[in-house]
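Here is the structure we will look at, set down as C-alpha cells.
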Amino acid sequence: MTKLGLASGALAAAAVAGETPVPAASQDNKLRVLLVNGSPHMEGCTYTALRLAAQELQAAGVEADIFHLGTAPVQDCMACGSCKKHPGRCIWNQDCVNELIDKARSAHGFIFGSPVYFGHPSGRLLSAMDRAFYAAGDVFAGKPAAAVASSRRAGSLATLDAIQKHFTIAQMPVVSSFYWNEVHGFTPTDVMADEEGVSIMRQLGRNMARAVRAYAAEPAAKPVERKYTHFIR
Ligand SMILES: Cc1cc2nc3c(=O)[nH]c(=O)nc-3n(C[C@H](O)[C@H](O)[C@H](O)COP(=O)(O)O)c2cc1C
C-alpha cells in the first residue's frame, strides 16, 4: 500500500448543499476521497471494508484517507442555529466534527462506513453527519458519495438508507457497486472471508475513482433560486 492516510478524529448552517462547485483541482492537483469510519473500532470490520475500497482508489491514482471518528463521545446536533450565523463551522468544538468538516473541504468524494447497531448506523456516525451536513453542506454538495455497512448478520439496508439520505439532499451522486455495499463479520478476519463482500468493496473503490474523476472535470449545475417553505407559507 503506497499511502493509506489514517486520521483519528477522536483526538481532537445551514450552508445548504448545492451552491459550491466541486473543486475541479485541489492545490496539489490530486483527487482525494475521504473514507469515514463510524465504528469505535479503529481497525475493525468497518475499517476492513473501507480499506478494501481505499486500496482500489489508490491503485487508480486517487488519494484515500480513512478518518476514524474514534471512541470519544460525539455530540448530537443541538439545533442551536449557530452554524446559520457562522456557516461552515459547528459551535460544538469539543469533538471530531469540525475536523471532519475541514478534511471534507479538500475531498472530491466520500465513503461513509458504519457498523450496524440494532439495524441502524452507529450513533456517532449519524450525529457527526447530521452536524457536518447541517453546518457545512456546501463542502459535501455535488461530490460523489457512497455508504458502507458492516453487520454480523442483518440490518444493513436500513443502515445504508439512513446514511444515504444525507447524500440525496446534498445533491451528491450516490456511487454503487454490483450489490449492496455491505460486508458481514464480527471480526476483520470474518470480513475478509466474506468473499462477495470483499469483491463488492473493491468494485466500489473502482467505481468511486471513476466518479470523482468525472465529477471533478465537470462544473456544478447552475443553481436555481432556492425557495424555503414550511408547507404553510
Ligand atoms: C450495540 C451493537 C449492536 C449491534 N447490532 C447489530 C445488528 O442489529 N445486526 C447485526 O448484524 N450486527 C449487529 N452488531 C454487530 C456489528 O454490527 C458487527 O459485528 C460489525 O461488523 C462490527 O463492526 P466494527 O468492527 O467496525 O465495529 C451490533 C454490535 C453492537 C456493539
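What follows draws every value from the coordinates through simple rules; no lab data is involved. This one's a predicted model, so the numbers in the text were calculated from it and none came from an experiment. Cβ placement follows ideal geometry from the backbone for every residue including glycine, while neighbour counts extend to all protein chains displayed.
Packing around the peptides 172-183, 215-226, taken as the average count of other Cβ atoms within 10 Å per residue, puts them in this order, highest first: 172-183, 215-226. Computed packing ranks the peptides 119-126, 134-141 as 134-141, 119-126, most packed first, by mean other Cβ atoms within 10 Å. Label separation (ARG210 vs ARG153): 3.6 nm, computed from points 7 Å beyond Cα along the C-beta direction. Length gained on full extension, PHE118 to SER106: 1.0 nm, using 0.36 nm per residue less the C-alpha separation.
Computed over the chain, the per-residue total of -39500 (n - 2.57) for DSSP H runs of n ≥ 4 gives a 222 nm mean residue ellipticity of -11000 deg cm²/dmol, rounded to 500. Remark: for residue pairs LYS143/LYS222; LYS143/LYS165; LYS30/LYS165, the C-alpha separation exceeds 20 Å in LYS30/LYS165.
Over all alpha-carbon pairs in segment 4-216, figure out the percentage whose distance exceeds 27 Å. Tail of P(r) above 27 Å: 23 percent of Cα pairs. With a simple spin-label model that places each label point 7 Å from the Cα along the Cα-to-Cβ direction, the separation between TYR179 and ALA59 comes to 1.9 nm. With contacts taken as Cα pairs under 8 Å at a separation of at least 6 residues, segment 179-233 carries a relative contact order of 24 percent. Note on ASN29 and ASP161: the model spin-label points, each 7 Å out from Cα along the C-beta direction, lie 4.6 nm apart.
Would you kindly state how much longer the chain becomes between ILE169 and ARG202 on full extension, computed as 0.36 nm times their sequence separation minus their alpha carbon distance, in nm to one decimal?
Numbers: separation 33, 0.36 × 33 = 11.88 nm, distance 2.65 nm.
Full extension from ILE169 to ARG202 adds 9.2 nm.
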